[in-house]
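Report on the following structure.
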Amino acid sequence: MNNANEEEKIRKAFADKTWQEVKAADSWQIFKIMAEFVDGFEKMSKIGPCVSVFGSARTKPENEYYKLAEEIAFKLTREGYGVITGGGPGIMEAANRGAKAGGGKSVGLNILLPFEQSSNVFIDKDKIIDFDYFFVRKTIFLRYSQGFIALPGGFGTLDELFEALTLVQTNKIAHFPIVLAGKKYWTGLLEWVKSTMLLEEHNISVEDLDLFKVVDNADEAVKVIVDFYSQYLLKPNF
């Protein structure tokens, strides 16, 4: 983003507005947010059991993690699960590609951005949902997923991962399986979580380290999901 656009946004944010202008803008925004929730709930309620796959939009097809995401998604569909992604390129594209190849449901919750993001071609045509608001999109992710698999990514991936961890930790959602795929990538973060968050500052409990599993290959990732639901004698049923 160029400096002129950034400066204009800042000036606009601090511009004086009358109470009527503020009230009118907020009211219309509420309706827009409601419309996104309603559209998302209606479409996703018909999808069936799915696992969300998170990861970077910048990952190229030749990257090992792109291939890992594709394999994970393919094997999830062979176990009866659909796959939900953020709908864009990179890891998201890989997961949708794998789901498509496996004959499973391939869902894309696409966020409208001025750069980087456009929906990939491997999403089922009737299962693309576009969002303007990150928080609405994230709610849909969490509400309609039976598990979460995070592959290497940036701030957005970490946001989605820690949102899922927080909701499970605070019992706002059921203790669905959360998987971190790619040990090499996650090692530094997890060492900091253990040494600083847990041992130095006591900001989490030792039990919180059980909220997620770390794996290195597709078979391990899918096994975490399958084993979790086999405890309850539950299987996907489309």
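The values are calculated or read from the model by the stated rules, or taken from the named source; none is laboratory data. As the structure is a computational prediction, the values presented were derived from the model and not from experiment. Heads up, the Cβs are rebuilt from the backbone with ideal geometry, glycines too, and the neighbour counts pull from every protein chain shown.
What's the number of the condition GLU79 fails, among (1) within 18 Å of PHE141 (Cβ to Cβ); (2) of a type outside the set (Val, Ile, Thr); (3) touching a Pro at 6+ places or on another chain (Cβ under 9 Å)?
The number of the failed condition is (1).
Here is a yes/no grid of residues against (1) out of contact with any His (no Cβ under 8 Å at 6 or more places or on another chain); (2) at pLDDT below 95; (3) within 30 Å of ALA150 (Cβ to Cβ):
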| position | (1), (2), (3) |
| --- | --- |
| ALA24 | yes, yes, no |
| GLY48 | yes, yes, yes |
| SER52 | yes, no, yes |
| THR59 | yes, no, yes |
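Out of the residues in the stretch 141-157 that are assigned to a helix (DSSP H, G or I) and modelled with pLDDT of 95 or more, which is nearest to ASN110 (Cα to Cα)?
Step one: list which residues in the stretch 141-157 are assigned to a helix (DSSP H, G or I), which gives 141-143, 155-157.
So of that shortlist, the ones also modelled with pLDDT of 95 or more come out as 155, 157.
Details: PHE155: 16, THR157: 14 Å.
Step by step, filter the stretch 141-157, then rank; the result is THR157.
Report, by residue number, each residue of the stretch 161-174 that is within 18 Å of VAL215 (Cα to Cα) and either among the polar types (S, T, N, Q) or in contact with a Leu (Cβ under 9 Å, 6 or more places away or on another chain) (or both). Full working, then the answer.
We begin by selecting, within the stretch 161-174, every residue within 18 Å of VAL215 (Cα to Cα); these are 161-162, 164-165.
Answer for the stretch 161-174, where residues must be within 18 Å of VAL215 (Cα to Cα) and either among the polar types (S, T, N, Q) or in contact with a Leu (Cβ under 9 Å, 6 or more places away or on another chain) (or both): LEU161, ALA164, LEU165.
Restricting the stretch 91-106 to residues that are basic (Lys, Arg) and assigned to a helix (DSSP H, G or I), which is farthest from SER56 (Cα to Cα)?
Keep residues of the stretch 91-106 that are basic (Lys, Arg), which gives 97, 100, 105.
When the remaining residues are screened for being assigned to a helix (DSSP H, G or I), the result is 97, 100.
Details: ARG97: 15, LYS100: 19 Å.
Looking at the filtered set, the residue picked out is LYS100.
If I filter the stretch 107-117 for residues that are in a helix (DSSP H, G or I) and either under 23 Å from PHE228 (Cα atoms) or under 17 Å from the mean Cα position of the chain (by Cα) (or both), do I get at least one hit? Full working, then the answer.
Just the residues of the stretch 107-117 that are in a helix (DSSP H, G or I), to begin with: none.
No, every residue in the stretch 107-117 fails to be in a helix (DSSP H, G or I) and either under 23 Å from PHE228 (Cα atoms) or under 17 Å from the mean Cα position of the chain (by Cα) (or both).
Give the residues of the stretch 75-88 that are farther than 27 Å from TYR133 by Cβ and either assigned to a loop (DSSP other than H, G, I, E, B) or without any contact (Cβ under 8 Å) to a residue 40 or more places away in the chain (or both), sorted by residue number. It would help to see each step written out before you state the result.
Taking the stretch 75-88 first, the residues farther than 27 Å from TYR133 by Cβ are 75-80.
Once the filter is applied, which keeps residues that are farther than 27 Å from TYR133 by Cβ and either assigned to a loop (DSSP other than H, G, I, E, B) or without any contact (Cβ under 8 Å) to a residue 40 or more places away in the chain (or both), the stretch 75-88 yields THR77, ARG78, GLU79, GLY80.
Among the listed residues ALA181, ALA150, ALA174, ALA164, identify the single one that is over 12 Å from the mean Cα position of the chain (by Cα) and closer than 22 Å to ASN217 by Cβ.
Values: ALA150 fails: over 12 Å from the mean Cα position of the chain (by Cα); ALA174 fails: closer than 22 Å to ASN217 by Cβ; ALA164 fails: over 12 Å from the mean Cα position of the chain (by Cα).
Just one listed residue meets the conditions, ALA181.
Of all residues in the stretch 151-207, which are out of contact with any Phe, Trp or Tyr (no Cβ under 8 Å at 6 or more places or on another chain), of a type in the set (Asp, Glu) and buried (at least 16 other Cβ atoms within 10 Å of the Cβ)?
GLU163
Got a number for residues in the stretch 89-112 being among the β-branched types (Val, Ile, Thr) and in contact (Cβ under 8 Å) with a residue 60 or more places away in the chain? If you could, list the steps in order and put the result at the bottom.
Looking only at the stretch 89-112, we keep the residues that are among the β-branched types (Val, Ile, Thr), and these are 91, 107, 111.
Those still in the list that are in contact (Cβ under 8 Å) with a residue 60 or more places away in the chain too: 91, 107.
Residues that pass the stated criteria total 2.
Residues of the stretch 179-202 being touching a residue at least 60 places away in the same chain (Cβ under 8 Å) and either in contact with a strand residue (DSSP E or B) (Cβ under 8 Å, 6 or more places away or on another chain) or not hydroxyl-bearing (Ser, Thr, Tyr) (or both), which ones? Full working, then the answer.
Pass one, the stretch 179-202, residues touching a residue at least 60 places away in the same chain (Cβ under 8 Å): 181-182, 185.
Once the filter is applied, which keeps residues that are touching a residue at least 60 places away in the same chain (Cβ under 8 Å) and either in contact with a strand residue (DSSP E or B) (Cβ under 8 Å, 6 or more places away or on another chain) or not hydroxyl-bearing (Ser, Thr, Tyr) (or both), the stretch 179-202 yields ALA181, GLY182.
Does any residue in the stretch 213-230 that is basic (Lys, Arg) come within less than 6 Å, Cβ to Cβ, of a residue that is assigned to a helix (DSSP H, G or I) six or more places away or on a different chain, and which pairs are these?
Close Cβ pairs (under 6 Å, with a partner that is assigned to a helix (DSSP H, G or I)) amount to LYS213/VAL224.
Would you check which residues across the stretch 41-73 are without any contact (Cβ under 8 Å) to a residue 40 or more places away in the chain and buried (at least 21 other Cβ atoms within 10 Å of the Cβ) and list them?
TYR66, GLU70, ALA73
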